[in-house]
Structures are given as structure tokens and as C-alpha cells.
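Student: A single structure is presented below for examination.
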Amino acid sequence: MAVDLKEISEVPERTHPLWRKRLELEGRYSDTRKTELDFNRPHMYTLAKTARLGLRLLGLWDRGRKNAVQPVLIESDLTVPHLPPALEGLRILHLSDFHFSKFDTEQVPTIVNLLKGLTVDLCCVTGDYKYGHMGNMDHIRPAMERVLQSFSSTHGAFGILGNHDFSFMIPELEAVGLRMLVNEGTRINLRDTPVWIGGTDDPHNYCCDDVNAAMQGSKEDTFKILMVHSPERIAEAAQAGAQLYLCGHTHGGQICLPGWGMLKSNADCDRQFAEGTWHYENMAGNTTRGLGVTDVPVRYCCPPEANLLTLRHS
């Protein structure tokens, strides 16, 4: 996926007005002086470099790196209000924030080993396949392919874009079996029950998300799942009728202190929604810590994770 950002061409045709906005913002990567995206501002890189140096001076770097490459599988029963009886016990594998690095040869084998032999009803992937923001991306497609082949999902795998991702990644990801949703949704049947799966674009940096568009077409008697990269659209999702909200982005804080928790959530939302399972009005949700790291590639008191959610009646 080594693509010249000045000539983005192999992207799917979409008609939503925000899609054109995303393409325009992506094009500005070719000239950092023109970009309006937060993650391309020089102070972000300065902060990351300072943090790396500080951790090395404190003798904490090696421990943090080791923590970052030891993912765990978190199995949770998630109570969902108004869950259709037929969906009791439905198993959803929630993956996010891989941040695949071409320099880390152990990351993919470790994830594959974690998920190997798992059988689920549905897989939802909530964005950030890329490690940084620039550079070659040829390693992402084979990495994602290996991950998807490591487990079995009866009703397939659906994904969305994150704030690190680019539009031209969509055909590559769909080629390995990940159905991508960008401000749109689709209806599937699970256990003879209609289920709507919606997905938005990134709401954190690109701000090209449209919750209502992702839910448009869903009927009142349909169980509604919404994938959003970050937990920053919870209120809008509940108002739009979503019953299950899946997201990542926060990395669970990535650097947490014992007894205190995350130092920074990196999301404009209440801390209670920045990690783990939660409820908001009549909507259940899960904010995963994700499987990767970026910028400062360490973790403390916050292991990387994949989530196996088993849905239960309220």
C-alpha cells in the first residue's frame, strides 16, 4: 500500500459530502504546512520524543516495551437493554488499534496465537491499522489477513477507519475479508434475527463522521450495532437508536498509574467511557484498549487486549 498521497486514486466511490472532505484532508499530508489535522503538528512529535527520553532515563523503557507486546483476551458478559431473545449469548470479537509496525516482527504472530482457534458469531474492527501517519504501508494487508485467518467468524468481519488510516486502505482491507463501513450500514441476519451494523468515519481528527448516516436504513425492530473509532459520539449514537456501541482509540490510556488509572484518555468524553464495558441510557458499549501502540510504544498497568463480548439480556 505504498501510495503517493498527492495522487490518491484507488478509493471506492462514495457520495457522502464528508467523504470528499476526508480525501482533501488526506491530500494535505503532502505538505505539512497546510494540514489542519492535530496529529501532524510538530509539538506532538516533540512531546513523544521527550516522553521516550524520559522513560529511558528513568529505566522504565524496557519494561514498558515488554508490556506493550503481551496482549490478553478479555472475555466479558455484556448486558444489553432490549436485546432480542434470539441474540442471547451472541459472541462478538471486538478488535481495534493494531497499529501494525513493519519493524515489529513479533506483533502479528503474537496476535495470531492469541486468537488462534477462536469461533465467534461476529467480528467488529474499530480502526487504526497503521502505526504512525506516514511511510510505507505494504505490510498492513498481509498482517490483517493473517489476523483474520486465525479465528472463525460465522457472520464475517466488519471494520471502520481510524484517525491513523487512509481511504486507499479500504480496497486492501476488503480484499482480505474485512467489510469496511464509512458513514453507512448494512443489514444482516443473525440467528434469524435482523441486525444492523453501522460504521462511521473517524470523529477524532478527521471529524468526518456522521452517526445518522451510519444508522440510516435501520428499522425499528432491528438490533442496532454502531462502530465508531472513538467514544466521542456516544450521546449522538444513543439518540440515533444504537443499542451497542463499539470503539477503541484511547488505548485504555496506554500509560496508567496503580490506583489512579489513565493519565490521558485522548478522547473528548467522560473517563467512564474511555475504557472497558459501560452503559449509557439504553445503549451498551465497549471501549477496547486495542492491540497496539504508537508514538510512545510502551504500556504500563494497561495491557493490550482483544475483547470477546457475550451479549446478555437486561
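The values are calculated or read from the model by the stated rules, or taken from the named source; none is laboratory data. Please read all numbers here as calculations on a predicted model, not as lab measurements. Quick reminder, even Gly has a Cβ in these numbers, built from the backbone with ideal geometry, and neighbours come from all protein chains shown.
Student: From the list Thr250, Thr222, exactly one residue is polar (S, T, N, Q) and surrounded by 24 or more Cβ atoms within 10 Å (Cβ to Cβ). Which is it?
Tutor: Result of the check over Thr250, Thr222: Thr250.
Student: Among the residues of segment 260-282, is any at pLDDT 95 or above and among the charged types (D, E, K, R)?
Tutor: Yes, segment 260-282 has at least one match.
Student: Tell me, please, whether a residue that is farther than 28 Å from Lys224 by Cα and in contact (Cβ under 8 Å) with a residue 24 or more places away in the chain can be found in segment 269-292.
Tutor: Checking segment 269-292: not a single residue is farther than 28 Å from Lys224 by Cα and in contact (Cβ under 8 Å) with a residue 24 or more places away in the chain.
Student: Follow-up question, since we're still on this one. Given the conditions (1) closer than 16 Å to Gly159 by Cα; (2) surrounded by 15 or more Cβ atoms within 10 Å (Cβ to Cβ), report the number of the one that Tyr131 does not fulfil.
Tutor: With respect to (1) closer than 16 Å to Gly159 by Cα; (2) surrounded by 15 or more Cβ atoms within 10 Å (Cβ to Cβ), Tyr131 is out only on (1).
Student: For segment 228-242, which residues satisfy the criterion of being part of a loop (DSSP other than H, G, I, E, B) and buried (at least 24 other Cβ atoms within 10 Å of the Cβ)?
Tutor: Val228, His229, Ser230, Ala242
Student: Here are some residues: Pro109, Pro71. Which one is touching a Pro at 6+ places or on another chain (Cβ under 7 Å) and modelled with pLDDT of 90 or more?
Tutor: That would be Pro71, the only listed residue that is touching a Pro at 6+ places or on another chain (Cβ under 7 Å) and modelled with pLDDT of 90 or more.
Student: Looking only at segment 243-262, how many residues end up being at positive phi and either assigned to a strand (DSSP E or B) or in contact with a Cys (Cβ under 8 Å, 6 or more places away or on another chain) (or both)?
Tutor: The qualifying residues number 5.
Student: Scan segment 66-105 for residues that are charged (D, E, K, R) and under 21 Å from the mean Cα position of the chain (by Cα) and jot them down.
Tutor: Matches in segment 66-105: Glu75, Asp77, Arg91, Asp97, Lys102, Asp104.
Student: Can I ask one more? Looking at (1) assigned to a loop (DSSP other than H, G, I, E, B); (2) under 18 Å from the mean Cα position of the chain (by Cα), can you tell me which one Leu173 breaks?
Tutor: It is condition (1) that Leu173 fails.
Student: On the given criteria, is Val108 in contact (Cβ under 8 Å) with a residue 60 or more places away in the chain and either within 30 Å of Thr193 (Cβ to Cβ) or among the β-branched types (Val, Ile, Thr) (or both)?
Tutor: Considered against the rule, which asks whether it is in contact (Cβ under 8 Å) with a residue 60 or more places away in the chain and either within 30 Å of Thr193 (Cβ to Cβ) or among the β-branched types (Val, Ile, Thr) (or both), Val108 comes out as no.
Student: Moving to a separate point now. When you go through Leu95, Leu90, Leu83 one by one, which is the residue that is modelled with pLDDT of 95 or more, touching a helix residue (DSSP H, G or I) at 6+ places or on another chain (Cβ under 8 Å) and not basic (Lys, Arg)?
Tutor: Leu95 is the lone residue from the list that is modelled with pLDDT of 95 or more, touching a helix residue (DSSP H, G or I) at 6+ places or on another chain (Cβ under 8 Å) and not basic (Lys, Arg).
Student: Shifting gears a bit: Scan segment 265-306 residue by residue and report those that are in a loop (DSSP other than H, G, I, E, B), within 18 Å of the chain's Cα centre (by Cα) and of a type in the set (D, E, K, R).
Tutor: Answer for segment 265-306, where residues must be in a loop (DSSP other than H, G, I, E, B), within 18 Å of the chain's Cα centre (by Cα) and of a type in the set (D, E, K, R): Asp268, Glu275, Arg289, Asp295, Arg299.
Student: Can you confirm whether segment 134-143 contains a residue that is under 17 Å from Val293 (Cα atoms) and either under 16 Å from the mean Cα position of the chain (by Cα) or β-branched (Val, Ile, Thr) (or both)?
Tutor: yes
Student: In addition: Taking Lys6 as meeting all but one of (1) assigned to a loop (DSSP other than H, G, I, E, B); (2) at pLDDT below 80; (3) surrounded by fewer than 13 Cβ atoms within 10 Å (Cβ to Cβ), write down the number of the exception.
Tutor: The single condition Lys6 does not satisfy is (1).
Student: Report the residue count in segment 179-198 for those that are part of a strand (DSSP E or B) and within 19 Å of His229 (Cβ to Cβ).
Tutor: Within segment 179-198, residues that are part of a strand (DSSP E or B) and within 19 Å of His229 (Cβ to Cβ) number 8.
Student: What are the pairs with Cβ atoms under 7 angstrom where one residue, in segment 122-142, is free of Cβ contacts under 8 Å to residues at least 60 places away in the same chain and the other, located anywhere, is surrounded by 13 or more Cβ atoms within 10 Å (Cβ to Cβ) and of a type in the set (Lys, Arg)? Sequence gap at least six, or different chains.
Tutor: Final answer for the pair search is His139/Lys102.
Student: Among the residues of segment 60-86, which ones are of a type in the set (Asp, Glu) and outside any strand (DSSP E or B)?
Tutor: Asp62
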